[in-house]
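This report concerns only the one structure given below.
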Amino acid sequence: MKVTYYGHSCFEVVSVGKSMLFDPFITPNSLASSVNISNIKPDYMLISHGHENHVADAVSIAKQSNCTCIAILELTAWLKSKGVDNVYPMNIGGSHKLDFGTVKMVNAVHSSTMLEGMPGGNPAGFVIQNMEDCFYYAGDTALHSDMQLIPRRHKLKCAFLPIGSNFTMDVLDAIEAARMLGAHTVIGMHYDTFGCLTINHEEAHRTFQSAGINLHLMKIGETLTL
Ligand code: NI
C-alpha cells in the first residue's frame with residue numbers, strides 16, 4: 001500500500017489499484033498550503049466523523065472526483081444535503097465488500113456534531129482488508145478497549161492513530177492502542193495542526209521506539225510505501 005499525507009488526519013491510501021481518501025481537511029490547514037486539492041481525485045472517500053477538521057474539503061473533492069463517500073448514515077445524509085449523491089452509508093459494526101476489499105466500520109470514542117448543528121451520527125473508525133493489505137484508520141478517538149477485538153479477525157499491517165492529545169489519544173495512549181491492536185507500525189495523525197495539538201516529534205519517536213513499535217510522522221506531501 002502507498003500512503004500519501006495531506007496534513008492533519010488526511011491520507012490518501014492506494015491499495016490493489018484503488019485510492020481511498022480519509023478525512024479531507026486541507027484548504028483551511030495552513031500547514032498544508034502546498035497541497036493543491038484540485039489534483040486529488042480518489043475512487044473512495046472515507047469520513048470518520050463530522051467535525052470540520054475532518055470534512056472541510058469533503059464536498060468539493062467528492063464533486064470533482066465523483067468518488068464514493070463512505071460514512072455513517074447521518075453523515076452521508078449531510079453530504080447529500082450538500083449535493084453529493086454518490087454516498088454509501090454504514091453504521092458501527094457493519095462491513096461491506098467493495099472493489100478495494102472489505103471495509104468495516106468500528107467504534108470510536110469521541111463526538112460528531114456538524115458545524116451547522118446537524119447530527120453527524122456516532123464517530124467511527126475503519127478497518128480495511130484486502131488480499132494485500134490490512135489497516136485500521138482510527139479517526140478521532142480516546143483509547144478504548146474495543147480496539148483489542150480488531151486483531152481477533154484482522155492482522156494489521158499498520159494503524160493510523162491520533163496522537164496529539166487534547167481531543168484524542170496522546171502518544172502514550174496510542175502505544176497502548178497499538179499493543180491492543182497488535183500493530184507494529186503506526187502512522188501518527190491529528191497532531192501539530194493547532195497549538196493545542198503540538199507534539200515533540202523526537203520524544204514521540206523515542207517513546208514508540210522503546211515500546212518496540214515503528215512510528216511514522218509523515219511530512220505533508222510525502223508518500224510512504226508499506
Ligand atoms: Ni473530532
Practice problem: Determine if the range 143-154 includes at least one residue that is open to solvent by less than 10 Å² (accessible area, probe 1.4 Å) and within 14 Å of the ligand (Cβ to nearest atom). | Solution: no
Quiz item: Scanning for something open to solvent by 30 Å² or more (accessible area, probe 1.4 Å) and either in contact with an Asp or Glu (Cβ under 6 Å, 6 or more places away or on another chain) or at pLDDT below 95 (or both), does the range 18-32 turn up at least one residue?
Solution: yes
Self-check item: Matching residues in the range 97-120 - criterion: being closer than 18 Å to V59 by Cα, touching a helix residue (DSSP H, G or I) at 6+ places or on another chain (Cβ under 9 Å) and within 13 Å of the ligand (Cβ to nearest atom)
Solution: S112, M114, L115, G120
Quiz prompt | helices (runs of 4 or more DSSP H) enclosed by the range 149-226 - at least 1 residues per element that are touching a residue at least 24 places away in the same chain (Cβ under 8 Å) and among the small types (G, A, S) | solution = 171-181, 201-210
Quiz item: Looking at (1) more than 22 Å from L98 (Cβ to Cβ); (2) surrounded by fewer than 21 Cβ atoms within 10 Å (Cβ to Cβ), which is the only condition V59 fails?
Solution: (1)
Quiz prompt | Where a residue in the range 37-58 is more than 16 Å from the ligand (Cβ to nearest atom) and small (G, A, S) and its partner, wherever it lies, is open to solvent by 50 Å² or more (accessible area, probe 1.4 Å) and modelled with pLDDT of 95 or more, with Cβ under 8 Å and at least six apart | solution = S38/Q64
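The values are calculated or read from the model by the stated rules, or taken from the named source; none is laboratory data. Please read all numbers here as calculations on a predicted model, not as lab measurements. Positions of Cβ are backbone-derived with ideal geometry, glycine not excepted, and every protein chain shown enters the neighbour counts. Ligands, DNA and RNA are stripped out before the accessible areas are found, and what is left, the full protein with its side chains, is counted by its heavy atoms. Shrake-Rupley method; radii C 1.70, N 1.55, O 1.52, S 1.80 Å.
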